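The values are calculated or read from the model by the stated rules, or taken from the named source; none is laboratory data. Keep in mind it's a predicted model, so treat the numbers as computed, not measured. Here Cβ is always computed from backbone atoms with ideal geometry, including for glycine, and neighbour counts include all displayed protein chains. The accessibility values were calculated without ligands, DNA or RNA, using every heavy atom of the protein model including side chains. Shrake-Rupley method; radii C 1.70, N 1.55, O 1.52, S 1.80 Å.
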Amino acid sequence: MLTYILKRILSVIPVLFLVSVFVFLMLRLTPGDPAAILAGDNATPETLERIRDAMGLNEPLLTQYVKWIGGILHGDFGTSLISSVPVLDLVSQRVGPSISLAVLTIIIAICVAIPMGVIAAWKHRTWVDYLVMSFSVLGFSVPVFLVGYVLLLIFSVKLGWLPPQGFKPLSAGIAPFMERAILPALTLASIYIALIARMTRAAMLDVLNEDYIRTARAKGVGDRRLLFVHALKNAAVPIATIVGAGFALLISGVVVTETIFNIPGIGRLTVDAVLARDYPVIQALILLTATLYVAVNLLIDLSYSLFDPRIRY
Amino acid sequence: MNTSRSAADKPLTLRLLSQISPSHTGFGPFIAAIMLLAVVLVTIFSPWIATHDPLAMDPLMRLKPPSEEHILGTDGFGRDLFSRMVLGGRISLLIGLCAAVVALGFGILIGLVAGYFRIADAIIMRAMDALMAMPSILIAIALVALNGPSIGSVIMAITIPEVPRVVRLVRSVVLTAREEPYVEAALALGSSTPKILFQHLLPNTMAPMIVQGTYIVASAILTEALLSFLGAGISTEIPTWGNIMAEGRQYFRINPGIILWPGLLLTICVLSINLIGDAARDALDPRMKKREA
Amino acid sequence: MNRPLTISLKTGVFASVLALAAGGALAETTVTAVMHSDLRVLDPIITTAHITRDHGYMIYDVLLAEDAQFNIQPQMAEVAASDDGLTYTFTLREGLKFHDGAPVTGEDVVASLQRWGKRDTGGQMIMDVTESIEAPDEKTIVWKLKEPFGPFLATVGKQSGVPPFIMPKRIAETPADQAIQEHIGSGPFKFVPEEFQPGVGVTYTKNEDYVPRSEPASGYAGGKVVNVDKVQWVTMSDSQTAVNALQSGDIDLIESMPVDLIPLLEGDDTVVVEKRAEYGFQTMGRMNFKYPPFDNPQIRKAALMAMSQEPVLAALTGSPEYYKVCGAIFGCGTPFENTTGTETLVAKGDPAGAKKLLEEAGYDGTPVVLMQPTDGPTLKAQPVVAAQQLRDAGFTVDMQPMDWQTLVTRRASMDPPAQGGWNMFFTNWQISEIASPINNVMLNGRGDQAWFGWPDDPEMEKLRQEFIDAKTPEEQKAVTDKIQAHAIGVVNYVPLGEYNFPQARRAVLTDMAPTAVPVFWGLKKTEE
């Protein structure tokens, strides 16, 4: 088990190395010049060249790359080319809203989707099942921002129940946090609910026909207990996988919802950084999200053994 | 297909799994096919359906509400919204199809190589892992922003993050298939590598690829809309559902129709493609799960 | 046992009294504003971005400033000129202190002026004729010129792209092509570094040590009295969100309100929509003089004839209330206004005439690479409408969409259009930035040293020198009339009219100064 974990962790290193190379090359081999953005409207070509020099953009690619990676190994992700703020500061200011939004979304999604999926499997081939499944395909097919705007129109503009934008940290209190986080979280959850409900239903159908469930039922175990304890426990592996796989989905959703609801998270930070060609910020953010993605999926892999005692490494 | 073999292994599970698809809601796929056909026909015949030139602008007539002249009103440049929406669907569908074809093409090629050549496998798969670990939407925005928002770069931006999924799928199919007796026999008979790859292994990937392809079309249409929404889409000179909606953002409270109508059409279209994809999966390869990670 | 208890009781009472006071009359007033763009670059000398200049007016002070009547007035210093116009002596007023507590000295001023002179166009022209700038003592700065420079005071005191903001010497000694790292000024507000989040917002607090001048505020001159404790600029991803936030009371001010969204605020008496300043912006198109087809003056002329201002302005602003057609390159309503040569531009255009001219010039269908920014609400519309107008006149147009940042990068490229260059782009200027031949950077005719598009125009350079040498306003006007005729004659650039986006404020915000740059001194916020 321990060697397996170690091996898995080590296998992450080449992946992250490749990510860093991809990101670096993608940014440097395409047009766009942060110096021009810093200098503004009246800059002459000579000024631009001097600013580029000062930014270190005229050094050979390999030198730039080695400097960047060397810095990261010392915990230094560089400084924003545009605002001169250290990248780590920028990111740490922004990571809170995104994470709290993501966590709230996953909680909502799990609370809604798992019961939906379980009931759909239980009421297999009834109208309940069809309804759940239609909803879940629909969830995949609507653009996230459309959901966001419709919610915004109804709950903020027409009914005036919730503020239309902004973010309050959890430290400001549960109510102010929820007031501003609930619409973005619901927006984000729509696609996630669809995904998890669908997977839960499939996994449950699979499990419900296993012999031991039939036995349990024959022994008179109650429906609810049977569904939510015996069956769900065994369906947990595929569900956990899909939660992990959905993590990538979550990131793209976060970018969009942060834009609609004006939440100061890392999604908006990345979009802004890309539009301003702020290389160190883009590189750091993509590397960080990739690390997070790899870590989440690693944890989920490892948690299989927890959910399913039959899997041992 | 592999169906017969698996069916022998686990008949009960298989039967159940094949039932989890919504295609068993009876008319589902049928209705979906009709809806999709309708959308496709509308977009194909858009030049005849459109009431106006979708590019002709009249800034003095901007943001007009729906009228007899302009069925859905006009946009921020005074262009006819209905005509733009109809033509926009054509471009959106085209982008979706191209992205799927390109992603499948590259994916199959790389997947065959990875599945067949052990040496290449490790390197290719690490690279694919790296690509998958990078958040696709961010990569797409970066690619479009950096290369300029042309149709080509949007297709490329949508395609690149899709490739690793296809590669994984193809590779897994190839890995299974190459152990099959007939491939072993071909090897023993000294068939050339390309022949084995393209004549014996490639056909095995076709069924899952058709299914995967439909999902890529659906997701590409959505991604194009997302990219436009985030400001990294195609020029307003070429209407797409995505950029029509993106331009409607500003005016959402004044005329929600600018977002809602194209949004509705897009949703119907993507929904139908997804349903058809589900049906195709059941028909072709019941064991496939949607979007295997 | 007893004593500590009494003490804690007392402190408790004291604390609650304090809290009461804070909750009552002494409540902190914060003004939250959504500005026209996001503040990213904090160095007001290195960039010409308007938002960075606005930031400059918050935390820095200037030696001389322009009042509401465009007269130059003393701000940090009184100034005296020698009779031969070669020596200007500045004397700093009492009580000037930087935010770190250090007094403002002549040395600080000299260093700041020198850095500014390297970056600003007007500053560079003065520096060309500068003999020396020295600080003989703590309070005095002596600026010696080699030859007289007519618009000296106007250039040093002007409100424009890069005003000469005064910083401490150690900061002003940063090379002019590196951004400054410390943001300390002597202005009416202090910058709060901990609360600066690019892309989210920036916070300023009232500078309690600031000593305003005794005169009433007028334009950028006079006493900068601050009546609020805190000013926050927050970034919102789109104007729709900002309007929602204004109505829900999350913010107090939208600096630049899209005209299309005004109907949403109608009937809401907690919100006021108004034009802030008399003068707004000029929108314009610039061609690349280096490459075909626009290296041919006749084809440039044809492009000018093909265009018409009104459709451009209508697509840009939406309502005639907020735009006006104007053919004057120095702006309408300004001292140098002159509209020679722009008759078709302010009318319907002359596509037929343009077509004929194109034929005569032997236009061979070389595509016009037109750069179209896809972001930025004030920059999106012009190229789209102009492209249609050019096509109607027979031009082949290759409209290339890109984000504004790419455009800014690409317009600096002197390569041919097919290899990453360009033929035409559009941008906007505040009227004060184009109102004289000194500020108006487009008129620079020094070839490769000129502004993007690089006209090599010795005739224009001669006229600009004539302007500097002109002694009286009448003489100056005579020169600028000639400049207008010449600029339109060679199509130095195409003025596409003026627009003025209104601001939207909550009614609790009062006494705002009607300046083109949104300044936050003077304004008051009443509590609801």
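One residue is enough: does the range A:105-112 have a residue meeting the conditions over 30 Å from A:Val23 (Cα atoms), within 12 Å of another protein chain (Cβ to nearest Cβ) and not charged (D, E, K, R)? The answer is no; no qualifying residue exists. Out of B:Ile158, B:Ile124, one residue alone is in contact (Cβ under 8 Å) with a residue 40 or more places away in the chain and under 16 Å from the mean Cα position of the chain (by Cα). It is B:Ile158.
Looking at the structure I just gave you, is A:Ile5 modelled with pLDDT under 85 and either under 24 Å from the mean Cα position of the chain (by Cα) or of a type in the set (Val, Ile, Thr) (or both)?
Details: modelled with pLDDT under 85: yes; either under 24 Å from the mean Cα position of the chain (by Cα) or of a type in the set (Val, Ile, Thr) (or both): yes.
The answer is yes for A:Ile5.
Identification of helices (runs of 4 or more DSSP H) wholly contained in the range C:428-528 with 3 or more residues that are modelled with pLDDT under 95 and open to solvent by less than 30 Å² (accessible area, probe 1.4 Å) yields C:431-434, C:458-469.
Inside the range C:395-418, can you point out the residues that are under 15 Å from C:Ile299 (Cα atoms) and either open to solvent by less than 40 Å² (accessible area, probe 1.4 Å) or in a helix (DSSP H, G or I) (or both)?
Keep residues of the range C:395-418 that are under 15 Å from C:Ile299 (Cα atoms), which gives C:395-397.
Hits for the range C:395-418 are C:Phe395, C:Val397.
Can you name the residue in the range A:87-118 that is among the β-branched types (Val, Ile, Thr) and open to solvent by 80 Å² or more (accessible area, probe 1.4 Å) and, of all such residues, is nearest to the chain's Cα centre (by Cα)? Checked the range A:87-118; the qualifying residue nearest to the chain's Cα centre (by Cα) is A:Ile99. Apart from one condition, A:Arg224 fits all of (1) open to solvent by less than 70 Å² (accessible area, probe 1.4 Å); (2) farther than 30 Å from C:Leu246 by Cα; the exception is (1). Taken together, the residues in the range A:68-86 that are surrounded by fewer than 16 Cβ atoms within 10 Å (Cβ to Cβ) and in a loop (DSSP other than H, G, I, E, B) amount to 3. The residue that is farthest from the other protein chains (Cβ to nearest Cβ), among those in the range A:242-299 that are outside any helix (DSSP H, G or I) and either of a type in the set (Gly, Ala, Ser) or open to solvent by 30 Å² or more (accessible area, probe 1.4 Å) (or both), is A:Gly265.
Counted as qualifying within the range C:152-254 are the strands (runs of 3 or more DSSP E) with 2 or more residues that are more than 23 Å from C:Ile46 (Cβ to Cβ), open to solvent by 10 Å² or more (accessible area, probe 1.4 Å) and within 14 Å of chain A (Cβ to nearest Cβ), namely C:230-234.
Among the residues of the range C:42-74, write down those that are part of a strand (DSSP E or B), open to solvent by 10 Å² or more (accessible area, probe 1.4 Å) and out of contact with any Leu (no Cβ under 8 Å at 6 or more places or on another chain). Don't jump to the end; show me each part of the working.
Residues of the range C:42-74 that are part of a strand (DSSP E or B), as a first pass: C:62, C:64-66, C:72-74.
After this cut, where a residue has to be open to solvent by 10 Å² or more (accessible area, probe 1.4 Å) as well, the list is C:66, C:72-74.
Answer for the range C:42-74, where residues must be part of a strand (DSSP E or B), open to solvent by 10 Å² or more (accessible area, probe 1.4 Å) and out of contact with any Leu (no Cβ under 8 Å at 6 or more places or on another chain): just C:Glu66.
Within the range B:171-192, track down each residue that is open to solvent by 50 Å² or more (accessible area, probe 1.4 Å) and either closer than 23 Å to B:Met128 by Cβ or touching a strand residue (DSSP E or B) at 6+ places or on another chain (Cβ under 9 Å) (or both). The answer is B:Arg171, B:Ser172, B:Leu175, B:Thr176, B:Glu179. Looking at the range B:241-256, which of its residues are open to solvent by 30 Å² or more (accessible area, probe 1.4 Å) and touching a Pro at 6+ places or on another chain (Cβ under 7 Å)? B:Gln250, B:Ile254 - these are the residues of the range B:241-256 that are open to solvent by 30 Å² or more (accessible area, probe 1.4 Å) and touching a Pro at 6+ places or on another chain (Cβ under 7 Å). Scan the range B:233-268 for residues that are over 27 Å from B:Leu37 (Cβ atoms), more than 8 Å from every other protein chain (Cβ to nearest Cβ) and part of a loop (DSSP other than H, G, I, E, B) and the total you get is 1. A count restricted to the range C:351-394 and to residues that are closer than 21 Å to A:Arg277 by Cβ, open to solvent by 50 Å² or more (accessible area, probe 1.4 Å) and more than 10 Å from every other protein chain (Cβ to nearest Cβ) stands at 0.
Does the range C:82-126 hold any residues that are open to solvent by 60 Å² or more (accessible area, probe 1.4 Å) and without any contact (Cβ under 8 Å) to a residue 12 or more places away in the chain, and which are they? Don't jump to the end; show me each part of the working.
So in the range C:82-126, the residues open to solvent by 60 Å² or more (accessible area, probe 1.4 Å) come out as C:83-84, C:91, C:94, C:97, C:100, C:103, C:107, C:114, C:118, C:124.
Correct list: C:Asp83, C:Gln124.
Entry remark, the range A:14-27: residues being without any contact (Cβ under 8 Å) to a residue 60 or more places away in the chain and either facing chain B (nearest Cβ under 10 Å) or in contact with a His (Cβ under 8 Å, 6 or more places away or on another chain) (or both) number 6 in total. Can we say A:Ile99 is in the same structural domain as A:Arg225 (by TED's automatic domain parsing) and of a type outside the set (Gly, Ala, Ser)? Yes.
Would you call B:Ala127 farther than 28 Å from B:Glu179 by Cα and facing chain A (nearest Cβ under 9 Å)? Walk me through it before giving the result.
Details: farther than 28 Å from B:Glu179 by Cα: no; facing chain A (nearest Cβ under 9 Å): yes.
In short, no.
Only a single item in (1) in a helix (DSSP H, G or I); (2) over 28 Å from C:Pro193 (Cα atoms); (3) within 12 Å of another protein chain (Cβ to nearest Cβ); (4) in contact (Cβ under 8 Å) with a residue 24 or more places away in the chain is not met by A:Arg94, and it is number (2). Note on the range B:1-76: enclosed helices (runs of 4 or more DSSP H) holding 1 or more residues that are open to solvent by less than 90 Å² (accessible area, probe 1.4 Å), more than 10 Å from every other protein chain (Cβ to nearest Cβ) and modelled with pLDDT of 85 or more are B:28-44, B:46-49.
With respect to the conditions (1) touching a Ser or Thr at 6+ places or on another chain (Cβ under 7 Å); (2) over 26 Å from B:Ala280 (Cα atoms), B:Glu224 lacks only one, and its number is (2).
A quick yes/no check of all residues on (1) out of contact with any strand residue (DSSP E or B) (no Cβ under 7 Å at 6 or more places or on another chain); (2) within 14 Å of chain B (Cβ to nearest Cβ); (3) in a helix (DSSP H, G or I); (4) not basic (Lys, Arg):
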{"position": "C:Gln282", "(1), (2), (3), (4)": "no, no, no, yes"}
{"position": "C:Arg286", "(1), (2), (3), (4)": "no, no, no, no"}
{"position": "C:Pro293", "(1), (2), (3), (4)": "no, no, no, yes"}
{"position": "C:Leu304", "(1), (2), (3), (4)": "no, no, yes, yes"}
{"position": "C:Glu310", "(1), (2), (3), (4)": "yes, yes, yes, yes"}
{"position": "C:Leu313", "(1), (2), (3), (4)": "no, yes, yes, yes"}
{"position": "C:Gly331", "(1), (2), (3), (4)": "no, no, no, yes"}
{"position": "C:Thr334", "(1), (2), (3), (4)": "yes, no, no, yes"}
{"position": "C:Gly349", "(1), (2), (3), (4)": "yes, yes, no, yes"}
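Suppose the filter is farther than 22 Å from A:Ala36 by Cα, in contact (Cβ under 8 Å) with a residue 12 or more places away in the chain, in contact with a helix residue (DSSP H, G or I) (Cβ under 9 Å, 6 or more places away or on another chain) and among the polar types (S, T, N, Q); does C:Gln476 pass it? So C:Gln476 passes the test.
Of the set (1) facing another protein chain (nearest Cβ under 8 Å); (2) buried (at least 17 other Cβ atoms within 10 Å of the Cβ), all apply to A:Gly148 but (1). If the condition is being open to solvent by less than 50 Å² (accessible area, probe 1.4 Å) and β-branched (Val, Ile, Thr), then the range B:77-112 contributes B:Val86, B:Ile91, B:Ile95, B:Ile108, B:Ile110.
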